[in-house]
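Enquirer: Handing you this structure, nothing more for now.
The values are calculated or read from the model by the stated rules, or taken from the named source; none is laboratory data. None of these values were measured; they are calculated from a predicted model. Methodologically, a virtual Cβ is constructed for each residue, glycine included, from the backbone with ideal geometry; neighbour enumeration extends over all protein chains shown. Just the protein is used for accessible areas: all its heavy atoms, side chains included, with ligands, DNA and RNA removed. Shrake-Rupley method; radii C 1.70, N 1.55, O 1.52, S 1.80 Å.
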Amino acid sequence: MSALPKTSITPEEYLAAERAAETKSEYIDGEVYAMSGASREHTTIAFNIAGELRPQLRGRRCGGHLSDRRVGVGSHAYLYPDVVVVCGEAQYEGDQLDTLLNPTLIIEILSPSTAAFDKGEKFDLYRALDSLQEYLLVAQDRCHIIHYVRQGDNTWLLSETRDMNARLDLPSIGCTLPVAEVYDNVTFDAA
């Protein structure tokens, strides 16, 4: 993630520019960060996850979105998760219905250029969302998934798996992700 030359713009300036832009960028405290394209592995994993969640969410008051759904964190951050699920009535900022305010589950697929940000500052920002109950980080270069679940006392319980035969329970949305299905058709480079 790299900062664009212009910094210290207002949230309103960012949203106006973003709505007219052909490419996506994220916004944090006045700075705009260009988003790069995703790898084949990245898009395959996102497609696999969506394919597993969609039938489990069918007929329920939960809906999912892929990387084009912007999530607002107050007025100081606008981010694009790889997969987002909201349960109950979706809340949006303003009348354009393009900035979701109440995600239940956010999934980020780690890439070499964004892994540290997704694990650190981005998760710090997401934790400010009272609606967020789970955060999943999925490696694309090996079988490794990190799963955070918000607890009743507002702490986060961390678990992780490197087991291709594991099944991840996602209690906030009542779904299960088989790890083998997450990584279906993904080839890891030999180390």
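Enquirer: Accessible area per residue of the stretch 1-124 at 1.4 Å probe, in Å²?
Expert: Computed with neighbouring chains in place, this is 50 Å² per residue.
Enquirer: Would you look at the GNM of the chain, springs on alpha carbons closer than 10 Å, and say which of R69, R162, R60 moves the most?
Expert: Per the Cα network of the chain with a 10 Å cutoff, R60 tops the list.
Enquirer: If you don't mind, there's one more thing I want to ask. Just to confirm a number: summing +1 for Lys and Arg and -1 for Asp and Glu over residues other than D189 whose beta-carbon lies under 15 angstrom from that of D189, what do you get?
Expert: Computed value for this residue: 0.
Enquirer: Semi-axes, largest first, in whole Å: what does sqrt of 5 times each Cα gyration tensor eigenvalue give for the stretch 122-191?
Expert: 25, 14, 10
Enquirer: Sorted by accessible area with a 1.4 angstrom probe, largest first, how do K122, K24 fall?
Expert: From most accessible down to least: K24, K122.
Enquirer: Which residue fluctuates most in the GNM of the chain (Cα springs below 10 Å): L79, L137, L15?
Expert: In the Gaussian network model the winner is L15.
Enquirer: Same structure again: Take the chain, connect every pair of alpha-carbon atoms lying under 10 Å apart with a spring to form a Gaussian network, then pick out the residue of G174, G51, G152 with the largest mean-square fluctuation.
Expert: Greatest mean-square fluctuation among the candidates belongs to G152.
Enquirer: Compute the acute angle (0 to 90°) between the alpha-carbon long axis of helix 11-20 and the principal axis of greatest extent of the alpha-carbon atoms of the chain; round to the nearest 10°.
Expert: That works out to roughly 70 degrees.
Enquirer: So what is the relative contact order for the chain, in percent, with contacts set as C-alpha pairs under 8 Å and at least six apart?
Expert: In percent, rounded to a whole number, it is 17.
Enquirer: Next up: I'd like the accessible area for Y33, computed on protein heavy atoms only with a 1.4 Å probe and all protein chains in place. Round to 10 Å², please.
Expert: 50 Å²
Enquirer: What order do F188, F117 take when sorted by accessible area (1.4 Å probe), most exposed first?
Expert: Of F188, F117, the descending order of accessible area is F188, F117.
Enquirer: Quick one: ranking S113, S159 by accessible area, 1.4 Å probe, largest first, what do you get?
Expert: Putting S113, S159 in descending order of accessible area: S113, S159.
Enquirer: Report the longest stretch of the chain that contains none of the GluC sites (Glu not before Pro) sitting in a DSSP loop with at most 12 other Cβ atoms within 10 Å.
Expert: So the longest stretch without any such site is 90-191.
Enquirer: In vacuo Debye scattering of the chain, one point per C-alpha: log10 I(q)/I(0) at q = 0.09, 0.13, 0.17 Å⁻¹?
Expert: Here log10 of I(q) over I(0) equals -0.32, -0.68, -1.17.
Enquirer: If Lys and Arg each add +1 and Asp and Glu each add -1, what is the summed charge of the other residues whose beta carbon sits under 14 Å from the beta carbon of G37?
Expert: Combined, the nearby Lys, Arg, Asp and Glu give -2.
Enquirer: To continue, here is another question. Grab every C-alpha pair in the stretch 3-72, bin the distances at 5 angstrom width from 0 up to the longest one, and report whole percents.
Expert: Percent of Cα pairs in each bin: 3, 13, 20, 18, 14, 13, 13, 5, 1, 0.
Enquirer: A further question on this structure: Can you pull the percent of the chain's accessible area that's carbon plus sulfur, 1.4 Å probe, other chains left in place?
Expert: Ligands and nucleic acids excluded, carbon and sulfur reach 50 percent.
Enquirer: Still on this structure, please answer the following. Roughly how far apart, in whole Å, are the Cα centres of the stretch 114-191 and the stretch 95-111?
Expert: Centre-to-centre (Cα) distance: 15 Å.
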